[in-house]
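Trainee: Below: one structure in structure tokens.
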Amino acid sequence: MEAVAIWAFWASVGMIAVPLAGYPAVLFLISLLFRRRHLSRYSEPPLVSCLVSARNEENCIGGRIENLLQQDYPEDRFEIIVGSDASSDDTDSIVLAHAPSGVRLYRSEERVGKSDIMMRLKEMANGSILVMTDANTVFRKDTLRQLVEPFSDPAVGCVDGSRRNSLEEETCESAYWRYETLLKRLGGRLGAVLGTTGAVFALRKQYCIPAGPKRADDFELGVMVRMQGSKCVFNDKAVALEPTEADSSQYRRMVRIVAQYFGMAVRFFFMALSRRRFGLALQLLLHKILRWQIGVFALLATFSLFILRNAQGIYPVLLLTALGFHLMAVLGAALRGKLPSVLLLPYYFWLMGVSAIHGMIKLLFRGPTLLWDHEPRH
């Protein structure tokens, strides 16, 4: 029994360490050897279509449109199209008030979800470059230009921007995005960013091919660009400011993300193998499929240590260490806002781990989540 517990413990530790630490380390080493070269800028700015999906966004859609209209990009070289997903507030009338500035509105009379709305906007778009963004996002003045610039390289099919917290409050999501941004910087050096940020990304219209009906979310569109053999890069100068969600909202969001994307990540993994895109397959395995299971592996590691509590060697000490880690997570939940960020890491770990487990359970019993209502925005 002890031999099985020892094997289970170290296997679980490995399954946690590899996606969280090993994957970034490998990306870093590879990026040192194969850094992507940057080509010259466009001689003439391409025509760009800015697409915004909205569902009851009366509190922010007007500001979002004004922010886009003020971008440092030739006004005759970009357009704005807003898709209203059966909004029941004043979203539509606010968008229509901007029609004299060239803003167009598409309204769906029934709820179809963001993915479906964005594909309908794509069909209306005149631009060769599609910029996709959220209704509560604020671009810096040069964000649109920074998003478009890397497309001067014909090998680039998708550009991911940098989503940053517009609030001062530290939350699990803001800590998570610092980690994600590091991975995007490393992957971007190779043209191998995995997925995109819904608040700020762009892709060539010919590569905007969803994996299936009603499957056109930011993560999936970015992966499909890679699947077609084009590069996905990261430009941290293309900044989008967006208020970071509170931890309770982040928990619900993570549950929805796992319930929505886990099955697709597995499908993409086998699709990448069949197309001999082995690097992409390995990224999907490490950064998505295994990372979403770290809560399960942490529970298995702790259970294994409990079995080994009377064993010889280091295992009783490791059990106390694990219990201390879990206790810090409980204290972090109770005292968040009063503890420094480094002491909140166990809490962040378990918030993400438990929400991923919840998402997996939801996926198994209810299927993927395609429609949802956001938290109220002010």
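The values are calculated or read from the model by the stated rules, or taken from the named source; none is laboratory data. Computed from a predicted model, the values in this text were never measured in an experiment. Glycine gets a Cβ as well: all are built from the backbone with ideal geometry, and neighbour counts include every protein chain shown.
Trainee: Please list, ordered by residue number, the helices (runs of 4 or more DSSP H) wholly in the range 81-198 having 1 or more residues that are in contact with a helix residue (DSSP H, G or I) (Cβ under 6 Å, 6 or more places away or on another chain) and not assigned by TED's automatic domain parsing to the domain that holds Pro24.
Mentor: 91-96, 172-188
Trainee: Going by the structure shown, is Ile289 free of Cβ contacts under 8 Å to residues at least 60 places away in the same chain and either among the aliphatic types (A, V, I, L, M) or under 26 Å from Cys60 (Cβ atoms) (or both)?
Mentor: yes
Trainee: A further question follows. Of the conditions (1) surrounded by fewer than 13 Cβ atoms within 10 Å (Cβ to Cβ); (2) touching a Phe, Trp or Tyr at 6+ places or on another chain (Cβ under 6 Å), Pro100 satisfies every one except a single condition; which number is it?
Mentor: The one condition Pro100 does not meet is (2).
Trainee: For the range 27-70, what are the residues that are under 30 Å from Lys231 (Cβ atoms), at pLDDT 95 or above and of a type in the set (Gly, Ala, Ser)?
Mentor: The one that is under 30 Å from Lys231 (Cβ atoms), at pLDDT 95 or above and of a type in the set (Gly, Ala, Ser): Ser49.
Trainee: Still on this model: Conditions first: (1) free of Cβ contacts under 8 Å to residues at least 60 places away in the same chain; (2) touching a strand residue (DSSP E or B) at 6+ places or on another chain (Cβ under 7 Å). Phe270 passes all but one, so which condition is the exception?
Mentor: That leaves (2) as the condition not met.
Trainee: Considering each of Ile81, Ile65, Ile61 in turn, give the residue that is in contact with a Cys (Cβ under 8 Å, 6 or more places away or on another chain), closer than 23 Å to Met119 by Cβ and crowded, with 17+ Cβ neighbours inside 10 Å.
Mentor: Going through Ile81, Ile65, Ile61 in turn, the sole match is Ile81.
Trainee: Working only within the range 279-305, note down all residues that are modelled with pLDDT under 95 and either among the aromatic types (Phe, Trp, Tyr) or assigned by TED's automatic domain parsing to the domain that holds Gly195 (or both).
Mentor: If the condition is that a residue be modelled with pLDDT under 95 and either among the aromatic types (Phe, Trp, Tyr) or assigned by TED's automatic domain parsing to the domain that holds Gly195 (or both), then Trp292 is the only one that fits.
Trainee: Given the conditions (1) surrounded by 17 or more Cβ atoms within 10 Å (Cβ to Cβ); (2) within 24 Å of Lys231 (Cα to Cα); (3) hydrophobic (A, V, I, L, M, F, W, C); (4) not assigned by TED's automatic domain parsing to the domain that holds Leu221, report the number of the one that Ala8 does not fulfil.
Mentor: (2)
Trainee: Please go through the range 231-270 and give me each residue that is under 14 Å from Leu194 (Cβ atoms) and modelled with pLDDT of 85 or more, ordered by number.
Mentor: Lys231, Cys232, Val233, Phe234, Met264, Ala265, Phe268, Phe269
Trainee: So how many residues does the range 79-133 have that are under 15 Å from Leu68 (Cβ atoms), aliphatic (A, V, I, L, M) and over 25 Å from the mean Cα position of the chain (by Cα)?
Mentor: 6
Trainee: If you go through the range 84-102 one residue at a time, do you hit one that is at pLDDT 95 or above, closer than 16 Å to Val200 by Cα and out of contact with any His (no Cβ under 8 Å at 6 or more places or on another chain)?
Mentor: Within the range 84-102 (the criterion being at pLDDT 95 or above, closer than 16 Å to Val200 by Cα and out of contact with any His (no Cβ under 8 Å at 6 or more places or on another chain)), the answer is no, since none of the residues qualifies.
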